[in-house]
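Q: Shown below is the structure under consideration.
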Amino acid sequence: MRQVWLILALLLTGGAAFAEPPVDVAPKVAAKKPAAKPPAQPKAKARPAWAELTAEQQKILAPLKAEWESIETERRRKWIGIAKRYPTMKAEEQERVQRRMQRWAALSPEQRRQARETYKQIVKVPPEKRGKLRDQWAEYQSLPPREREEIAPEPRRKK
């Protein structure tokens, strides 16, 4: 449960660096299915590979090294974008990015999926309500750990 609250904190305190692009939810027009399924193509390796990153990018993205090969190409590009902006960030911003990257790398794939879904829902909330959520989060964070555990919602069960 603590991980879920951590995810919520990341998202409410400027998790835009880890944001996903808007998802196209428009219905797709169904195309006619081919008569025969072509042979399966081997899945192309996501690029760039860790070895293809510059030394500076590798240093900045070091918390992600162990998971790099499992990260999809589009997400790799987003992380590389963060690494490109990193040198222009203030020292405290750089520290925050490193902490968040370490926390993100520690999450399971399911927790990351859940964080992305939560983020998608939060960005739909009007800004004034998001401010209220931030205030509630700050209030929750100020509680002693035992009290936080008592009021934490029960985990949702998949139906």
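Q: What GluC sites (Glu not before Pro) in region 62-159 are in a loop by DSSP, with at most 10 other Cβ atoms within 10 Å of the Cβ?
A: In loop regions of region 62-159 (DSSP not H, G, I, E or B), the sparsely surrounded GluC sites (Glu not before Pro) are Glu72.
Q: Set the Förster radius R0 to 25 Å, insert the Cβ-Cβ distance between Trp137 and Arg113 as r into 1/(1 + (r/R0)^6), and round the FRET efficiency to 0.05.
A: 0.75
Q: Compute the length gained on full extension between Lys78 and Gln98: take 0.36 nm times their separation in residues and subtract their Cα-Cα distance, giving the result in nm to one decimal.
A: 5.7 nm
Q: Within the set Lys84/Lys132; Lys84/Lys120; Lys59/Lys90; Lys65/Lys124; Lys65/Lys90, which residue pairs have Cα atoms separated by over 28 Å?
A: Lys84/Lys132; Lys65/Lys124, as the Cα separations exceed 28 Å there.
Q: Let me ask something else about it. Skip the ligands, DNA and RNA, and give the accessible area per residue of region 71-159 with a 1.4 Å probe, whole Å².
A: Solvent-accessible surface per residue comes out at 77 Å².
The values are calculated or read from the model by the stated rules, or taken from the named source; none is laboratory data. Just so it is clear, the structure is predicted and the values come from calculations on it, not from any experiment. Positions of Cβ are backbone-derived with ideal geometry, glycine not excepted, and every protein chain shown enters the neighbour counts. To get the accessible areas, we keep the full protein, side chains included, count just its heavy atoms, and leave off ligands, DNA and RNA. Shrake-Rupley method; radii C 1.70, N 1.55, O 1.52, S 1.80 Å.
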